[in-house]
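Contents: one structure, followed by commentary.
Nothing in this text is a laboratory measurement; each read-out follows from the coordinates by a stated rule. All values derive from a computational prediction rather than experimental measurement. For neighbour counting, all protein chains shown are included, and Cβ atoms are generated from backbone atoms with ideal geometry for every residue, glycine included.
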């Protein structure tokens with residue numbers, strides 16, 4: 001079943017493009033027609049591209065990887081913050097920090113600084129500072145929370161980037177391309193789709209248009225997370241069942257081996273015949289020297305006879 005349909009996209013105004021004089025010729029395959037000097041986007045292709053992007057996003061979420069959403073323009077930041085926070089994915093709605101992907105360790109240090117300030121507040125160290133120092137630290141903490149608070153849980157590079165307005169987020173797209181990170185993007189008629197892996201031709205200036213596309217992508221991500229959770233629970237139950245079965249069989253196996261080994265060792269010891277040799281002194285008392293020599297020679301093993309010869 002399709003995640004979106006033609007009527008939903010048409011009602012949200014996804015089909016409105018930019019003026020003809022601002023268009024990018026590389027977007028020609030996604031343009032349906034021109035009307036009153038404005039390009040109209042082909043919504044049939046938009047539906048297909050949304051399905052492709054949603055399937056890819058679902059697989060990434062199912063594998064446990066993160067998708068970073070980037071939307072710093074005024075029309076998109078509130079919608080993105082609300083939708084993406086609900087599915088526990090990282091997002092950037094303020095200024096894009098330069099080098100966030102290419103210089104990721106430095107960004108992580110800034111996030112750790114924010115957690116250090118929180119720890120100081122909790123353990124009482126913050127109370128030992130002067131009023132001026134407290135004010136400076138509080139301002140620094142607020143600034144870090146504003147710019148990096150939404151990516152505090154991002155401990156490694158994201159698996160993909162979702163961008164609203166390719167022109168405005170050109171730095172983010174450039175960094176992702178340098179690191180070979182896949183890029184999902186809402187691409188309007190004035191943008192260049194050549195650097196985007198999953199192009200979604202749509203109006204990126206209307207809040208309703210952005211919301212409709214985000215709903216489809218978020219629903220796919222939620223499905224992937226639920227399938228991942230179900231598979232983990234199923235593997236845990238199977239592992240518990242398999243873990244109980246081998247434990248009982250191992251114990252019986254060891255007991256059987258021990259019994260068999262004892263029987264195999266005891267039986268030959270009981271059945272082995274013991275050679276009786278007459279004592280030499282007793283023979284010597286009643287027999288002459290020649291008889292004693294014959295008895296001793298019989299008691300000596302064959303190897304000793306060979307050596308003597």
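For the reader, a short list of remarks on this structure follows.
- Take the conditions (1) outside any helix (DSSP H, G or I); (2) over 24 Å from the mean Cα position of the chain (by Cα); residue 102 misses just one of them, which is (2).
- Scan segment 182-201 for residues that are part of a strand (DSSP E or B) and either surrounded by fewer than 20 Cβ atoms within 10 Å (Cβ to Cβ) or within 22 Å of the chain's Cα centre (by Cα) (or both) and the total you get is 3.
- Yes/no for residue 117 being closer than 23 Å to residue 168 by Cβ and crowded, with 16+ Cβ neighbours inside 10 Å: no
- Of all the criteria given as (1) in contact with a helix residue (DSSP H, G or I) (Cβ under 6 Å, 6 or more places away or on another chain); (2) assigned to a helix (DSSP H, G or I); (3) surrounded by fewer than 17 Cβ atoms within 10 Å (Cβ to Cβ), the one not satisfied by residue 141 is (3).
- In segment 165-181, the residues that are touching a residue at least 24 places away in the same chain (Cβ under 8 Å), within 22 Å of the chain's Cα centre (by Cα) and assigned to a loop (DSSP other than H, G, I, E, B): 179, 181
- Test: residue in segment 127-137 that is in contact with a strand residue (DSSP E or B) (Cβ under 6 Å, 6 or more places away or on another chain) and either part of a strand (DSSP E or B) or at negative phi (or both): no
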